[in-house]
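Q: First the structure, which I've put down as structure tokens, then a few questions once you've had a look.
The values are calculated or read from the model by the stated rules, or taken from the named source; none is laboratory data. Since the structure is predicted, the reported quantities are computational estimates derived from the model, not experimental observations. All Cβ positions, glycine included, derive from the backbone under ideal geometry; neighbour counts span all protein chains shown. Protein only, heavy atoms only, side chains kept; ligands, DNA and RNA dropped before computing areas. Shrake-Rupley method; radii C 1.70, N 1.55, O 1.52, S 1.80 Å.
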Amino acid sequence: MKLYSPSTINEIRQKYGFRLSKSLGQNFLADKNIIDKIIEGSMIGESDLVIEIGPGIGVLTAAAAEKAAKVVAIEIDSNLIPILGETLSDYDNIEIINIDVLKTDLNKISEQNKEINGQIIGGVKILGNLPYYITTPIIMKILEDRVAADSITVMLQKEVADRIQAGPGSKTYGALSVAVQYYCTVTHVANAPKEVFIPRPKVDSTVIRLDIRKEKPVQLYDEDVFFAIVKSGFGQRRKTLLNSLTGIYGLTKDEVASIINIAGIDPGRRAETLNIQEFATLANTMKPRN
Ligand code: SAM
């Protein structure tokens, strides 16, 4: 069965009385070329565990199962579970879990699948054509939970992919860029026009791979301080650093001015001009090593 063919998707809709849910971000892939690119870009090895977010009717799940030792797919929509039972019936290395990914402990899933058929898994690759209404929360949850994975290969709105990849000075550079680039290196995998989905979304999409860094790009004495500065700085991005950081941790304007000066940064600059190293210097000056 060609799961990506529009006629298959229609047959499934009729047979199961399945209605695509807009609120669950159900835009299914109907293009073999882009499915191949996602799978290729995710660099799955034969001893890997794949964790897929939102399998839909299983197009990526089946393709990933051809390459990996096992695929665990997490799907919130219980109406899709019997459908996946049929579409993926040829595979014995797929497990579907009917749950909300934002309420799932992904580390537990990889822990439970450390060994597959007596073999220690090679690595963990996370994969998904993400539901667009929660793209950023999903990515940030995986990173903040420090899920022990090698990479996250995802299809997401082009606009969010642009923000993730942006650097200092760019209009789209923001707290999301700094956070994701702190945890990962980012690789562009493919562009996907609206036409590759059923139904077509309003926006174009991009596939990116986030390779989780083994070593962070900067040394921080306190990550919370770093992220608080990033959040405050970009929260009021039109303001100078001096103004946007005043009040953080109850610090007065004079105290903030002194910290920014000691960090060797011009207090008249805006957060959007700082690179990750400069944010780190600022954080380490604000809260030096104990
Ligand atoms: N992978 C399929 C494909 O490419 O055709 C479907 C992708 S569709 C964009 C997103 C999928 O994520 C849908 O199947 C949707 O039901 C599921 N989903 C939405 N919210 C979810 C959540 N919180 N947890 C797990 N799955 C979710």
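Q: Restricted to the range 115-138, and to residues that are away from the ligand (no atom under 14 Å from the Cβ) and within 15 Å of the chain's Cα centre (by Cα), which residue is nearest to Asp204 (Cα to Cα)?
A: Of the residues in the range 115-138, the ones away from the ligand (no atom under 14 Å from the Cβ) are 115-125.
Applying the additional criterion that residues be within 15 Å of the chain's Cα centre (by Cα) yields 124-125.
Values: Val124: 28, Lys125: 24 Å.
Checking each candidate, the answer is Lys125.
Q: With the requirement that a residue be more than 17 Å from Ile39 (Cβ to Cβ) and open to solvent by 40 Å² or more (accessible area, probe 1.4 Å), what does the range 114-131 give you?
A: Residues of the range 114-131 more than 17 Å from Ile39 (Cβ to Cβ): 114-121, 131.
If the condition is that a residue be more than 17 Å from Ile39 (Cβ to Cβ) and open to solvent by 40 Å² or more (accessible area, probe 1.4 Å), then Lys114, Glu115, Asn117, Gly118, Gln119, Ile120 are the ones that fit.
Q: Going by the conditions given, is Pro267 assigned to a loop (DSSP other than H, G, I, E, B) and not assigned by TED's automatic domain parsing to the domain that holds Val178?
A: The answer is yes for Pro267.
Q: Ok, one more. Scan Ile212, Ile208, Ile265 and give me the residue that is over 30 Å from Lys22 (Cα atoms), open to solvent by less than 40 Å² (accessible area, probe 1.4 Å) and in contact with a strand residue (DSSP E or B) (Cβ under 9 Å, 6 or more places away or on another chain).
A: Among Ile212, Ile208, Ile265, only Ile212 is over 30 Å from Lys22 (Cα atoms), open to solvent by less than 40 Å² (accessible area, probe 1.4 Å) and in contact with a strand residue (DSSP E or B) (Cβ under 9 Å, 6 or more places away or on another chain).
Q: From Val256, Val203, Val180, Val218, grab the single residue that is over 18 Å from Gly169 (Cβ atoms) and touching a strand residue (DSSP E or B) at 6+ places or on another chain (Cβ under 7 Å). Explain how you work it out, then say what you get.
A: Numbers: Val256 fails: touching a strand residue (DSSP E or B) at 6+ places or on another chain (Cβ under 7 Å); Val180 fails: over 18 Å from Gly169 (Cβ atoms); Val218 fails: touching a strand residue (DSSP E or B) at 6+ places or on another chain (Cβ under 7 Å).
Residue meeting the stated conditions: Val203.
Q: Mind listing whichever residues of the range 216-246 are free of Cβ contacts under 8 Å to residues at least 12 places away in the same chain, in a loop (DSSP other than H, G, I, E, B) and either under 13 Å from Met286 (Cβ atoms) or in contact with a Leu (Cβ under 6 Å, 6 or more places away or on another chain) (or both)?
A: The answer is Thr246, and nothing else.
Q: Inspect the range 72-86 for any residue being in a loop (DSSP other than H, G, I, E, B), among the hydrophobic types (A, V, I, L, M, F, W, C) and open to solvent by 50 Å² or more (accessible area, probe 1.4 Å) and give the result as yes or no.
A: Yes, because at least one residue in the range 72-86 is in a loop (DSSP other than H, G, I, E, B), among the hydrophobic types (A, V, I, L, M, F, W, C) and open to solvent by 50 Å² or more (accessible area, probe 1.4 Å).
Q: Within the range 29-58, take every residue that is open to solvent by 20 Å² or more (accessible area, probe 1.4 Å) and within 11 Å of the ligand (Cβ to nearest atom) and give me the one that is nearest to the chain's Cα centre (by Cα).
A: Filtering the range 29-58 for residues that are open to solvent by 20 Å² or more (accessible area, probe 1.4 Å) and within 11 Å of the ligand (Cβ to nearest atom), the one nearest to the chain's Cα centre (by Cα) comes out as Gly54.
Q: Consider only pairs whose beta carbons are under 8 Å apart and that are at least six residues apart or on different chains; among these, list those whose first residue lies in the range 10-33 and is farther than 18 Å from Pro131 by Cα and whose second residue is within 12 Å of the ligand (Cβ to nearest atom) and open to solvent by 70 Å² or more (accessible area, probe 1.4 Å).
A: Hits for this filter: Arg13/Arg19; Tyr16/Asn79.
Q: Something else about it: Taking Asn33, is it polar (S, T, N, Q), closer than 19 Å to Ile208 by Cα and part of a helix (DSSP H, G or I)?
A: yes
Q: Here is a follow-up. May I ask you to verify whether Ser5 is among the small types (Gly, Ala, Ser) and away from the ligand (no atom under 11 Å from the Cβ)?
A: Details: among the small types (Gly, Ala, Ser): yes; away from the ligand (no atom under 11 Å from the Cβ): yes.
In short, yes.
Q: Any residue in the range 165-186 that is more than 19 Å from Lys216 (Cβ to Cβ) sitting within a Cβ distance under 9 Å of a residue that is at pLDDT below 95? List the pairs, counting only those 6 or more apart or interchain.
A: Note: pairs meeting the criteria are Gly174/Arg237.
Q: Additional query: Within the range 90-107, does at least one residue satisfy the condition of being under 17 Å from the mean Cα position of the chain (by Cα), under 14 Å from Thr153 (Cβ atoms), crowded, with 18+ Cβ neighbours inside 10 Å and more than 8 Å from the ligand (Cβ to nearest atom)?
A: In the first step, residues of the range 90-107 are kept if they are under 17 Å from the mean Cα position of the chain (by Cα); the result is 100-107.
Subsequent filtering for residues that are under 14 Å from Thr153 (Cβ atoms) retains none.
Looking through the range 90-107, none of the residues is under 17 Å from the mean Cα position of the chain (by Cα), under 14 Å from Thr153 (Cβ atoms), crowded, with 18+ Cβ neighbours inside 10 Å and more than 8 Å from the ligand (Cβ to nearest atom).
Q: Filter the range 19-28 for residues that are assigned to a loop (DSSP other than H, G, I, E, B) and near the ligand (Cβ under 6 Å from one of its atoms) and give the result. Please lay out each step first, then the result.
A: So the first thing to find is which residues in the range 19-28 are assigned to a loop (DSSP other than H, G, I, E, B), and the list is 19-27.
Hits for the range 19-28 are Leu24, Gly25, Gln26, Asn27.
Q: Which one of these is within 15 Å of the ligand (Cβ to nearest atom), within 12 Å of the chain's Cα centre (by Cα) and surrounded by fewer than 21 Cβ atoms within 10 Å (Cβ to Cβ): Lys202, Lys158, Lys194, Lys141?
A: It is Lys141.
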